[in-house]
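Engineer: Okay, here's the structure, questions in a sec.
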Amino acid sequence: MKRIKAIYPGSFDPPTNGHLDLIERGSKIFDELVVAILRNPEKDPLFSLADRRQMLEAMTAGFDNVSVDTFDGLTVDYALRVDAQAILRGIRAISDYEYELQMALMNRKLQPGLETVFMMPAEKYSYLSSRLVREVAQLGGSIHCLVPELVEQKLREKIDVAHKFASSGEAGRQAAPQRKPKGKKKS
Ligand code: PNS
């Protein structure tokens, strides 16, 4: 019997409950699902690749047919390398559709044998994005129920470190000796 392997590519910065919802749905229809984190040197992610991998591994530990990997370059090339037949992507709202369609058609142009499969996460996650989670967390809002507990904890740690760093920089600047005005050198 033919086994279908799919990849679920993305940035996952950070992974959210919406991603987890889609992983769960994907794990039910594909024999094997690889969550593939893009290593994109042009983006400046909040979380390192290692952090994102660790979070996703913990989140997916309960699924026998789900694994986590990282990749760079074209998604279609990665899919071929791991012998996947499908790319899973989530569509939350009609606003996602245009971009996702464009990507799916470009991927089909590059690799006609590879199918993109769209799935919708639960409605309660239809407004959820990694970008909004980062923003709300950085500005002190609650992200409880939007991300798994581990991710919430990691976000808090990151933000605490950033705040400490910012305030020590401020204190450092205040404590730093003032530059002498340019003038005659002391003899
Ligand atoms: O989570 P994201 O940021 O929406 O994921 C976007 C992603 C990683 C799927 C997309 O940027 C991608 O596939 N990048 C890899 C490079 C590539 O294949 N580009 C051509 C896409 S048509």
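Values in this text are rule-based calculations from the coordinates and carry no lab data. Since the model is a prediction, treat every value here as computed from it, not as a measurement. Here the Cβ positions follow ideal geometry from the backbone for every residue, glycine too, while neighbour counts run over all protein chains shown.
Engineer: Across the chain, what fraction of all alpha-carbon pairs, as a whole percent, falls in each successive 5 Å bin from zero upward?
Structural biologist: Reading the bins upward from 0: 1, 7, 14, 17, 18, 13, 8, 5, 4, 3, 3, 2, 2, 1, 1, 0, 0, 0.
Engineer: Report the net charge of residues surrounding residue 128, where surrounding means a beta-carbon distance below 14 angstrom and charges are Lys +1, Arg +1, Asp -1, Glu -1.
Structural biologist: -2
Engineer: Which order do 168, 11, 27 fall in if you start with the one that has the fewest other Cβ atoms within 10 Å?
Structural biologist: So the ranking, lowest neighbour count to highest, is 168, 11, 27.
Engineer: Now for a separate question. Would you mind checking the pairs 28/109; 2/109; 109/158; 5/43; 2/154 and listing those with alpha carbons more than 32 angstrom apart?
Structural biologist: Checking Cα-Cα distances, 109/158; 2/154 exceed 32 Å.
Engineer: With a/c under 1.5 counting as rounded, go ahead and sort the stretch 99-148 into rounded, prolate or oblate using the C-alpha gyration tensor (a ≥ b ≥ c being the square roots of the eigenvalues; past the cut-off, prolate if a/b is larger than b/c, else oblate).
Structural biologist: Verdict is prolate for the stretch 99-148.
Engineer: For the chain, with a Gaussian network of springs between Cα atoms less than 10 Å apart, report the residue from 139, 33, 114 with the top mean-square fluctuation.
Structural biologist: Among 139, 33, 114, the largest GNM mean-square fluctuation belongs to 139.
Engineer: Also: Tell me, in nm to one decimal, what length is gained between residue 61 and residue 103 on full extension, where the rule is 0.36 nm per residue of separation less the Cα-Cα distance?
Structural biologist: Taking 0.36 nm per residue and subtracting the Cα distance, the gain is 12.2 nm.
Engineer: Check which residues have an amide H placed less than 5 Å from residue 147's amide H, if you skip close sequence neighbours.
Structural biologist: Placed amide hydrogens put 17 under 5 Å from residue 147.
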